[in-house]
Amino acid sequence: MTGFRFLTAGESHGKGLTVIIEGLPAGMSLSEDYIARDLKRRQGGYGRSQRMKIEQDRAEILSGVRHGRTIGSPIALLIWNRDWENWQQVMSVSPPDQKVDLLTRPRPGHADLAGVIKYGLDDIRPILERSSARETAARVAAGAVARRFTEEFGIEVHSHTVAIGGRWSNLQEAIDWGVVENSPVRCADVEAGMAMTAAIDEAASNGDTVGGVLEIVAAGVPVGLGSHVHWDRRLDGRIAQAVMSINSVRAVEIGAGFRMADLKGSQAHDAVEIGDGSPYWWQRASNYAGGIEGGISNGEPIVVRATAKPVPTLRKPLPSVDLSTRQATEAHFERSDICIVPAAGVIGEAMLAIVLADALLEKFGGDNLGETRRNYHSYMESIRG
């Protein structure tokens, strides 16, 4: 077994999105309703576009599951795009029966200009369609499957919004995840959340957009996932790449991250103390490392923060050029979000769950869930002392 692997296909306004997932052992319970929960969470959040009112994302399980349990073969998922009905000519697989205008005004901040140059195209549409954040619906579906697997080993993955538009959460206490899920911006600090919605409203009224900071937390991760022996096996590197791949994410930190630049060595590291045996005989006095040391999980919660830039599709477009006339113009505008930070947190959960599922399978293997569990429990007993 090679671990958790997945592949997505589909365009923003095409017929639908598809996902192929490989590597999960047989015997794990999985349902379409379970996956639908995270897809619905991704569609929420204050500042989303009208597209979210059109789509009612639900992943159909086409293969790999029988009678509610995985069977060890690849899992295929399909998410239909309801908005396809309005784009059948523009996104027709066969040559259309009427002329379709070329899109030739690239939007700064998107893949538009670099993409058409790379692929030798005279139309931005093919680049726009695949680089669109619509693809993240497929990732969230794959992440829900990964989450279902990590739950078997006591791992819980959550996220919350730390900042939007320069308005920061000041919460210092433990996060109440119920408050987060009931917040329109997914913020645990109610007062800060109100300031964040106001920032989104202000940006919308000015034809602008806002970004922010999200935090993803995985609790219950055992010691020993990942490895120090090669660069590509380091768990923190794998997580950083996965989270950085999310549309609009421009920075990723693990644990104290950039804040460590202001600390001395005596302040920046997590002292090891005698613990109470739950779950280990040792414990940490702090978690500046964010649950990972030397590329290996150390038993503390894994904490990841990411900065999402403001959405680059603006109602008041930025200056651009027309690729067909080579004249100065304004960038193309297409229906877009004002803020994606709350949704980015849900996508971040998916990507972290995917990396953790892969690392669990790498460590414990198994062709059926019972075998994987036995390997896990045997390992945990051996290290608990």
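The values are calculated or read from the model by the stated rules, or taken from the named source; none is laboratory data. Please read these numbers as outputs of a predicted model, since none were measured by experiment. Glycine gets a Cβ as well: all are built from the backbone with ideal geometry, and neighbour counts include every protein chain shown.
From the list 140, 157, 145, the lone residue that is part of a strand (DSSP E or B), of a type in the set (A, V, I, L, M, F, W, C), buried (at least 17 other Cβ atoms within 10 Å of the Cβ) and at pLDDT 95 or above is 157.
Looking at residue 280, is it more than 21 Å from residue 159 (Cα to Cα) and surrounded by 14 or more Cβ atoms within 10 Å (Cβ to Cβ)? Yes, satisfied.
For the stretch 364-378, the candidate set comprises residues that are small (Gly, Ala, Ser) and part of a loop (DSSP other than H, G, I, E, B); within that set, the residue that is surrounded by the fewest Cβ atoms within 10 Å (Cβ to Cβ) is 365.
Okay, residues lined up against (1) of a type in the set (S, T, N, Q); (2) within 23 Å of residue 300 (Cβ to Cβ); (3) surrounded by 13 or more Cβ atoms within 10 Å (Cβ to Cβ):
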{"residue": "204", "(1), (2), (3)": "no, no, yes"}
{"residue": "226", "(1), (2), (3)": "no, yes, yes"}
{"residue": "235", "(1), (2), (3)": "no, yes, yes"}
{"residue": "274", "(1), (2), (3)": "no, yes, no"}
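Being touching a residue at least 60 places away in the same chain (Cβ under 8 Å), out of contact with any Phe, Trp or Tyr (no Cβ under 6 Å at 6 or more places or on another chain), under 17 Å from residue 177 (Cβ atoms) and not polar (S, T, N, Q): is that true of residue 369 here? Spelling it out, it is not the case that residue 369 is touching a residue at least 60 places away in the same chain (Cβ under 8 Å), out of contact with any Phe, Trp or Tyr (no Cβ under 6 Å at 6 or more places or on another chain), under 17 Å from residue 177 (Cβ atoms) and not polar (S, T, N, Q). When the residues of the stretch 212-239 are narrowed to those that are in contact with a strand residue (DSSP E or B) (Cβ under 7 Å, 6 or more places away or on another chain) and β-branched (Val, Ile, Thr), which ends up farthest from residue 200 (Cα to Cα)? Applying the filter and picking the extreme gives 223. In the stretch 283-298, the residue that is nearest to residue 215 (Cα to Cα) out of those that are small (Gly, Ala, Ser) and surrounded by fewer than 19 Cβ atoms within 10 Å (Cβ to Cβ) is 286. Look at residue 325 and say whether it is buried (at least 24 other Cβ atoms within 10 Å of the Cβ), among the polar types (S, T, N, Q) and more than 23 Å from the chain's Cα centre (by Cα). No, not satisfied.
When residue 216 is tested against (1) surrounded by fewer than 21 Cβ atoms within 10 Å (Cβ to Cβ); (2) part of a strand (DSSP E or B); (3) not basic (Lys, Arg), only condition (1) is not met. Would you confirm, using the coordinates I've provided, whether residue 128 is closer than 27 Å to residue 8 by Cβ, outside any loop (DSSP other than H, G, I, E, B) and more than 20 Å from the chain's Cα centre (by Cα)? For residue 128, the condition - closer than 27 Å to residue 8 by Cβ, outside any loop (DSSP other than H, G, I, E, B) and more than 20 Å from the chain's Cα centre (by Cα) - is not met.
Yes/no matrix, rows are residues, columns are (1) part of a loop (DSSP other than H, G, I, E, B); (2) over 30 Å from residue 125 (Cβ atoms); (3) at pLDDT below 95; (4) in contact with a Phe, Trp or Tyr (Cβ under 9 Å, 6 or more places away or on another chain):
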| position | (1), (2), (3), (4) |
| --- | --- |
| 3 | yes, yes, yes, no |
| 21 | no, no, no, yes |
| 57 | yes, no, yes, yes |
| 76 | no, no, no, no |
| 85 | no, no, yes, no |
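For the stretch 240-254, give me each residue that is out of contact with any strand residue (DSSP E or B) (no Cβ under 6 Å at 6 or more places or on another chain) and touching a residue at least 12 places away in the same chain (Cβ under 8 Å). Scanning the stretch 240-254 gives 242, 245, 246, 247.
Close contacts from the stretch 134-156, counting a first residue that is farther than 14 Å from residue 343 by Cα and a second that is of a type in the set (Lys, Arg) and not in a helix (DSSP H, G or I), with Cβ to Cβ under 7 Å and a gap of 6+ residues or different chains, come to none at all. Quick check on residue 200: is it modelled with pLDDT of 95 or more, part of a helix (DSSP H, G or I) and surrounded by 16 or more Cβ atoms within 10 Å (Cβ to Cβ)? Taking the combined requirement at face value, the residue satisfies it.
Figure legend. Inter-residue proximity from the stretch 58-75: first residues farther than 11 Å from residue 26 by Cα, second residues among the charged types (D, E, K, R), beta-carbon distance below 7 Å, spacing 6+ or different chains. Indicated pairs: 58/32; 59/32; 60/32; 61/32.
For the criterion of being touching a helix residue (DSSP H, G or I) at 6+ places or on another chain (Cβ under 8 Å), closer than 21 Å to residue 38 by Cβ, in contact (Cβ under 8 Å) with a residue 60 or more places away in the chain and not in a strand (DSSP E or B), residue 210 fails. Taking every residue in the stretch 168-186 that is touching a residue at least 60 places away in the same chain (Cβ under 8 Å) and pairing it with any residue that is crowded, with 17+ Cβ neighbours inside 10 Å and part of a loop (DSSP other than H, G, I, E, B), at least 6 positions away or on another chain, the pairs with Cβ-Cβ distances below 6 Å are 184/46; 185/46.
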